[in-house]
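The values are calculated or read from the model by the stated rules, or taken from the named source; none is laboratory data. Only a predicted model underlies this, so the values are computations on that prediction, with no experimental measurement involved. When we count neighbours, we look across all protein chains shown, and the Cβ atoms used for this are built from the backbone with ideal geometry, even at glycine. Ligands, DNA and RNA are stripped out before the accessible areas are found, and what is left, the full protein with its side chains, is counted by its heavy atoms. Shrake-Rupley method; radii C 1.70, N 1.55, O 1.52, S 1.80 Å.
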Amino acid sequence: MTRDINEKDIHQKSEHIIKLNETFKTIRYLASYLWPEDNFSLKFRILLAVSLLGLAKGVNVSIPYFLKEAVDQLSANTSDLIIVPIALIAGYGIARVLAQAFSELRDAIFSKVGQRAIRLAGLKTFKHLHLLGLRFHIQRKTGGISRAVERGTKGIEFILRFMLFNILPTLLEFFLVCAILWYLYGVIFTGIIICTLIFYVAWTFIGTEFRLKYRRAMNQKDSEAHTKAIDSLLNFETVKYFGNEDHEAERFNLALKGYEKMAIKSEISLAFLNIGQVIIIALGITISMIVAGYEVEDGSMTIGDFVMINAYLIQLFLPLNFLGFVYREIKRSLADMEAMFALTSQNIEIRDKPNAPSLKFKGGAVSFENVAFNYQPENSVLRNISFTIRPGEKVAIVGPSGSGKSTISRLLFRFYDVTSGRITIDQQDIRDISQESLRGVIGIVPQDTVLFNESIYYNINYGRPEASASEVEAAAVLSKIHDFIKSLPNGYDTNVGERGLKLSGGEKQRIAIARTILKRPKILVFDEATSALDSVTESKILTSLDEVSADITTLTIAHRLSTIINSDKILVLAEGTLIERGSHHELLKKNGRYAEMWHHQRELEKARIFLEKKNQSEAI
Ligand code: ATP
């Protein structure tokens with residue numbers, strides 16, 4: 001039992017230390033925005049803002065003094081000159097205006113620092129997200145991520161602004177006022193203020209820590225709701241196909257309800273926290289005023305002193321009230337930033353080796369040597385795969401669905417690293433060269449083409465952004481899509497819709513082919529690149545592609561065997577192993593798996609043609 005408690009205790013303590021470490025890390029990270037290396041103008045801005053802050057606080061502290069003098073002058077009735085108290089009141093007014101004006105100027109000058117921090121943190125996260133591997137992106141929940149980044153960057157700005165302009169200045173003002181009151185009236189008022197502050201801070205700290213769990217739960221539920229909403233809207237068609245609108249609404253509602261429940265708890269606890277804070281401050285002020293009242297009564301203080309103490313206390317405790325809010329918000333922002341930092345600290349799965357050289361391209365010989373691969377440790381997808389494609393050779397991979405064909409192209413592109421064995425291009429292991437140079441030479445037309453929600457021109461041009469308009473058109477001509485584009489009212493400016501959904505599957509595929517042609521890769525990979533096309537268009541494109549890829553190493557993954565019979569070599573993959581290899585004729589002669597697939601497809605083709613003819617004659 002004792003051991004259990006000790007272990008729990010130790011666990012809690014170590015968790016606490018980890019959290020503290022995280023907070024320090026965050027503060028260090030934020031500090032880098034407050035004092036950016038090599039940015040003189042920004043440092044100057046920050047110094048200016050801090051000076052304005054000092055001025056504002058200095059003027060602020062003088063305001064109650066003007067008030068005291070004016071009250072004393074008015075109540076003494078000694079002078080016939082009304083001009084003195086009026087000058088003091090005017091001074092009081094001017095000091096108030098100046099204090100506010102300095103604060104506003106400070107905010108205006110600081111805004112560039114805050115906004116720059118938001119931009120840089122957002123950019124850093126965005127870049128990091130693009131560095132993370134395919135494994136992360138397949139599992140990611142887009143809605144949740146965008147929410148975490150949005151909240152995190154806002155949190156950064158909040159913390160920067162309030163740390164610098166709220167917590168530090170309030171503390172500064174606090175010490176100034178304590179010093180003035182101690183100097184003028186002895187220790188009593190300073191003592192009351194310090195006691196009030198201790199109670200206030202303790203209450204705020206305990207209350208805020210208690211409430212933080214609601215905030216974390218709210219964030220989680222909010223991200224969950226956002227993820228569900230985005231996922232559901234992206235799959236709009238599927239929702240309609242199955243008439244599942246109510247089901248989707250219910251899932252969304254469930255996540256929102258979770259948020260609602262936590263938000264209510266958070267607000268109720270906030271009300272208690274606020275009430276406690278108000279009581280503590282009211283007690284502090286009341287006790288001070290009672291003491292001051294006695295002192296006025298026995299003549300050791302003037303009415304002006306009484307007014308000044310009151311003004312100081314209100315001036316001090318008002319920001320203190322605000323400080324409670326700021327502390328809560330800072331904790332909240334830290335919680336928000338945690339989620340964003342969790343993204344930026346996600347391990348980058350595929351990294352370049354330090355100072356990895358670029359690929360030295362010598363013709364484009366691709367070689368897989370005893371490659372084995374599994375996505376998860378428990379099931380192996382590829383086993384002992386060895387093959388070589390000589391420079392300029394055309395090799396095809398065929399095999400049943402799920403046998404690992406696309407996985408081979410993903411490994412070549414280094415979306416994942418092989419589990420064992422190695423892949424080389426021109427005798428260089430692809431893990432030893434920079435990813436940029438590797439991916440620069442490979443052009444892939446993937447199985448599922450997804451386009452950006454931009455114009456057709458933008459999507460083709462994406463293959464090589466610096467290409468000229470005539471090069472874009474030439475690529476479109478080669479991929480047999482130019483005439484179609486020209487027939488559209490807006491031509492190349494036509495928007496393709498979310499993920500390219502305004503186009504047919506075949507049109508999307510042809511745009512994908514055009515953009516890969518435009519990239520002018522030195523190694524081409526077609527992953528069922530023409531599967532969505534009718535056979536006439538397919539054969540036209542294949543002729544074009546033969547032209548484009550005449551001297552280029554080409555790897556084609558195909559289901560329809562008729563499209564790859566001219567390949568130099570055909571590899572037959574089944575359940576992750578290569579079971580046959582050779583040219584079309586050699587494989588037919590072997591009378592193995594390939595021959596079986598070929599005859600089967602021929603039978604299907606014959607049956608299809610027969611049915612088509614029959615339907616035509618029946619129609620006549
Ligand atoms: P198809 O002809 O249907 O496109 P394929 O031969 O190209 O199939 P792959 O996409 O390479 O097959 O997939 C091979 C196996 O790996 C399949 O069993 C698939 O379920 C599995 N797989 C693919 N991607 C992942 C992934 N990201 N995580 C886990 N398993 C995966």
| field | Every residue from region 559-612 that is among the β-branched types (Val, Ile, Thr) and within 18 Å of Ser539 (Cα to Cα) | value | Thr563, Ile564, Ile565, Ile609
| Mind checking which pairs have a first residue in region 123-140 that is part of a loop (DSSP other than H, G, I, E, B) and a second that is aliphatic (A, V, I, L, M) and more than 16 Å from the ligand (Cβ to nearest atom), Cβ under 9 Å, 6 or more apart or different chains? | Leu132/Leu343; Leu132/Ile348; Gly133/Ile348; Arg140/Leu129
| field | Where a residue in region 487-500 is farther than 9 Å from Ile456 by Cβ and its partner, wherever it lies, is open to solvent by 20 Å² or more (accessible area, probe 1.4 Å) and assigned to a helix (DSSP H, G or I), with Cβ under 8 Å and at least six apart | value | Glu498/Leu234; Arg499/Leu234; Gly500/Lys508
| said: Would you confirm whether or not region 515-527 contains a residue that is at pLDDT 80 or above and farther than 27 Å from Glu466 by Cβ? | reply: no
| message | All but one of (1) open to solvent by less than 60 Å² (accessible area, probe 1.4 Å); (2) within 16 Å of the ligand (Cβ to nearest atom) hold for His600; state the number of the condition that does not hold. | response | (1)
| query | With respect to the numbered conditions (1) exposed (fewer than 14 other Cβ atoms within 10 Å of the Cβ); (2) closer than 30 Å to Leu212 by Cα; (3) over 28 Å from the mean Cα position of the chain (by Cα), which one is the sole condition not fulfilled by Leu323? | reply | (1)
| Which one of the conditions (1) part of a strand (DSSP E or B); (2) surrounded by 15 or more Cβ atoms within 10 Å (Cβ to Cβ); (3) among the β-branched types (Val, Ile, Thr) does Thr530 fail to meet, given that it meets all the rest? | (1)
| Selected residue (criterion: nearest to the chain's Cα centre (by Cα)) from residues of region 459-503 that are open to solvent by 80 Å² or more (accessible area, probe 1.4 Å) and closer than 19 Å to Ile444 by Cβ | Arg499
| task | List the number of the failed condition for Ile541; all other conditions in (1) at negative phi; (2) modelled with pLDDT of 90 or more hold. | result | (2)
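Is region 330-353 home to any residue that is under 30 Å from His128 (Cα atoms), within 16 Å of the ligand (Cβ to nearest atom) and not basic (Lys, Arg)?
Our first condition is that a residue be under 30 Å from His128 (Cα atoms); within region 330-353, this holds for 330-353.
So of that shortlist, the ones also within 16 Å of the ligand (Cβ to nearest atom) come out as 349-350.
Filter again for not basic (Lys, Arg), leaving 349-350.
There is at least one residue in region 330-353 that is under 30 Å from His128 (Cα atoms), within 16 Å of the ligand (Cβ to nearest atom) and not basic (Lys, Arg).
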| query | Within region 448-462, how many residues turn out to be of a type outside the set (S, T, N, Q) and at pLDDT below 90? | reply | 5
| query | If you scan region 270-310, which residues turn out to be more than 25 Å from Phe199 (Cα to Cα), open to solvent by 70 Å² or more (accessible area, probe 1.4 Å) and without any contact (Cβ under 8 Å) to a residue 24 or more places away in the chain? | reply | Glu297, Asp298, Ser300
| query | Mind checking whether some residue in region 534-556 is among the polar types (S, T, N, Q), away from the ligand (no atom under 16 Å from the Cβ), crowded, with 20+ Cβ neighbours inside 10 Å and not in a strand (DSSP E or B)? | reply | no
| Scanning region 131-168 for residues that are open to solvent by 40 Å² or more (accessible area, probe 1.4 Å) and closer than 30 Å to Phe317 by Cβ, which turns out farthest from the ligand (Cβ to nearest atom)? | Leu168
| request: Mind listing whichever residues of region 35-53 are open to solvent by less than 40 Å² (accessible area, probe 1.4 Å) and either in a helix (DSSP H, G or I) or among the basic types (Lys, Arg) (or both)? | output: Leu42, Ile46, Ala49, Leu52, Leu53
| field | Number of the exception - Asp568 against (1) of a type in the set (D, E, K, R); (2) out of contact with any strand residue (DSSP E or B) (no Cβ under 6 Å at 6 or more places or on another chain); (3) surrounded by fewer than 16 Cβ atoms within 10 Å (Cβ to Cβ) | value | (2)
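When region 179-189 is examined, which residues are found to be part of a helix (DSSP H, G or I) and either of a type in the set (Gly, Ala, Ser) or buried (at least 19 other Cβ atoms within 10 Å of the Cβ) (or both)?
Listed by number, the residues that qualify are Ala179, Leu181, Phe189.
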| Can you name the helices (runs of 4 or more DSSP H) wholly within region 360-468 that have at least 3 residues being within 28 Å of Gln509 (Cα to Cα) and within 12 Å of the ligand (Cβ to nearest atom)? | 405-412
